[in-house]
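For reference, the structure discussed in these notes is given below.
The values are calculated or read from the model by the stated rules, or taken from the named source; none is laboratory data. These figures come from a predicted structure and were not determined experimentally. No Cβ is skipped: glycine too gets one built from the backbone with ideal geometry, and neighbour counts run over all protein chains shown. Ligands, DNA and RNA are stripped out before the accessible areas are found, and what is left, the full protein with its side chains, is counted by its heavy atoms. Shrake-Rupley method; radii C 1.70, N 1.55, O 1.52, S 1.80 Å.
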Amino acid sequence: MYYSIRHLTKFLYSNPVSESMMETRMHPRSDQNQRCLTFHLSVSPRCRVFSYRDHLANQVHHFDIPGQHGQLVIVAESLVEVAPAPQIPAFLAPDAWAELDSMIEKGDYWEMLFPSEFAAPTPALDALANDLDVQRRDDPLMVLHQLNEQIYKYFDYKPKSTKVDSPIDLALSTHTGVCQDFAHIMITLVRTKLRIPCRYVSGYLFHGQSDHDRSVHSATHAWIEALVPQLGWVGFDPTNWLVAGDRHIRTAIGRDYADVPPTHGIFRGRANSELTVAVRVTPSEGTPSLDQELPVPEDWSILVEKATALPEQPPPPTRQQQMAQQQ
């Protein structure tokens with residue numbers, strides 16, 4: 001399966017700012033069952049864009065806009081090939097816990113085992129672990145399947161109920177959150193109660209007409225990957241009660257959201273910023289021609305045109321207003 005992905009981000013400032021510095025993590029990964037064929041990042045105001053790979057092989061783009069501007073628009077476009085994911089069984093052999101502990105002892109997984117900024121245990125999380133009876137039993141894969149289902153049923157999905165920097169206790173107290181919250185809660189439970197290496201995955205999810213997903217189609221998505229004996233890193237999506245498959249498109253992996261935000265930066269100036277994000281994932285069963293531009297939906301073209309249009313400037317002051325200001 002091939003996916004054309006378009007990701008628009010717009011920062012509108014209440015007053016013009018004199019400089020913006022930004023990092024983005026929107027470049028789909030080429031590993032496991034997916035391969036990024038093309039990627040293009042457009043920035044307005046125009047600037048030079050640089051890139052590097054971090055220690056987890058995430059592709060990071062960064063840029064600096066030193067001139068005065070009233071808005072910043074970033075459009076990322078990519079073409080990704082995703083192969084069918086291998087079938088994940090329901091359970092493993094009885095000695096899987098011992099095999100997992102041997103893998104951890106011989107490998108370097110400490111980053112994905114220790115607490116992190118958004119995935120740290122709290123009394124509220126301990127109470128949830130008791131309610132759900134999260135402990136080592138049966139085999140690792142069976143427990144992960146059960147926990148994926150339990151989190152899906154325990155929490156309600158409600159867009160904008162939390163923010164990107166909200167602690168997990170907010171979602172735990174209201175039983176409501178978004179994909180980022182559910183991923184952080186599952187990561188913390190898996191690391192602290194099951195002692196299984198677990199990492200955060202940022203990316204996109206294609207929503208077909210026959211799919212009954214809770215997450216919205218116009219935003220990025222987040223899920224988790226846990227280390228499983230014989231299978232390696234296996235993805236679980238507690239937001240939608242799914243095992244990650246060929247509808248999940250990975251852009252970055254890390255300990256939690258703090259490692260992999262799609263955009264992260266600062267600006268110089270006295271202003272408030274308003275963020276707008278739009279995502280479109282379009283599938284194609286056939287192989288697209290890479291030497292031709294992908295068709296752009298008309299409504300997406302209009303959206304980009306509106307986003308890149310300069311903000312309205314106030315009319316110049318009249319002679320009377322100038323005199324009043326001078327006085």
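What does the accessible area per residue of the stretch 135-266 come to in Å², with a 1.4 Å probe and no ligands, DNA or RNA counted?
Counting only protein heavy atoms, the per-residue value for the stretch 135-266 is 37 Å².
Of 36, 47, which has the most accessible area with a 1.4 Å probe, and how do the rest follow in descending order?
These residues rank, largest area first, as 47, 36.
If I stretch the segment between residue 165 and residue 18 completely, what's the gain in nm (0.36 nm per residue apart, minus their alpha carbon distance), one decimal?
So the chain would gain 50.3 nm between residue 165 and residue 18.
Given the peptides 181-188, 194-201, 93-100, arrange them by the average over their residues of other C-beta atoms within 10 Å, most packed first.
Order by mean packing, descending: 181-188, 194-201, 93-100.
For the chain, what is the calculated [θ] at 222 nm in deg cm²/dmol (nearest 500), taking -39500 (n - 2.57) for each run of four or more DSSP H residues and dividing by its residue count?
-7000 deg cm²/dmol
Report, ordered by chain and residue number, the aspartates and glutamates lying within cross-link reach of residue 163, taken as a straight Cα distance under 17 Å and ignoring same-chain residues fewer than 8 apart.
Once the sequence-local aspartates and glutamates are set aside, what remains near residue 163 is 117, 181, 256, 259, 274.
Which angle between 0 and 90 degrees, to the nearest 10, do you get for helix 140-154 versus the longest principal axis of the chain when only C-alpha atoms count?
Computed tilt is about 50 degrees.
How large are Rg and Dmax for the stretch 185-283 when calculated on the C-alpha trace, in angstrom?
Reported Rg and Dmax, both Å: 15.7, 54.
Tell me, what % of the accessible area of the stretch 20-105 is carbon and sulfur with a 1.4 angstrom probe?
54
How many percent of all Cα-Cα pairs in the stretch 14-64 sit more than 14 Å apart?
Above the 14 Å cut-off, the stretch 14-64 has 58 percent of its Cα pairs.
How far, in degrees from 0 to 90, does helix 298-308 lean away from the longest principal axis of the Cα atoms of the chain, to the nearest 10?
Taking Cα atoms only, the helix is inclined about 60 degrees.
For the stretch 114-169 and the stretch 49-71, write down the distance between their C-alpha centroids in whole Å.
One Cα centre to the other: 33 Å.
Find how much the distance from residue 90 to residue 138 grows on full extension, using 0.36 nm per residue of separation minus their present alpha carbon separation; answer in nm with one decimal.
Value of the extension gain: 16.1 nm.
Residues with amide H under 5 Å of residue 136's amide H, sequence separation 5 or more or different chain, H placed in the peptide plane at 1.01 Å from N; which?
none
Taking the highest mean first, how do the peptides 256-266, 220-230 order by number of other beta carbon atoms within 10 angstrom per residue?
Ranking the peptides 256-266, 220-230 by packing returns 220-230, 256-266.
Setting aside same-chain residues fewer than 8 positions from residue 10, which lysines have a Cα under 16 Å from its Cα?
306
Between the helical axis of 96-106 and the dominant principal axis of the chain, each derived from Cα atoms, what acute angle in degrees is found, rounded to the nearest 10?
On a 0 to 90 degree scale, this one is about 60.
Taking the chain as a Gaussian network, where each spring joins two C-alpha atoms under 10 Å apart, which residue of 191, 214, 137 fluctuates the most?
Comparing 191, 214, 137 in the GNM, the peak value goes to 137.
Tabulate in residue order the Karplus-calculated ³J(HN,Hα) for the stretch 170-179, using 6.51 cos²θ - 1.76 cosθ + 1.60 with θ = phi - 60°, rounded to whole Hz; enter x for Gly and Pro.
5, 5, 5, 6, 9, 6, 9, x, 10, 4
Throw me the Rg/Rh for the chain, computed over C-alpha atoms with Kirkwood Rh, two decimals.
Result for the chain is an Rg/Rh of 1.03.
Along Cα→Cβ, 7 Å out, is where each label goes; now give me the distance between the ones at residue 53 and residue 38 in nm to one decimal.
My value for the distance between the label points is 2.3 nm.
State, to one decimal in nm, how far the label point of residue 124 lies from the label point of residue 231, with both points 7 Å from Cα in the Cβ direction.
For the pair residue 124/residue 231, the computed spacing is 3.0 nm.
Kindly identify the stretch 104-248 as rounded, prolate or oblate by the Cα gyration tensor criterion: order the square roots of the eigenvalues as a ≥ b ≥ c, call it rounded if a/c is under 1.5, otherwise compare a/b with b/c, prolate if a/b is larger, else oblate.
oblate
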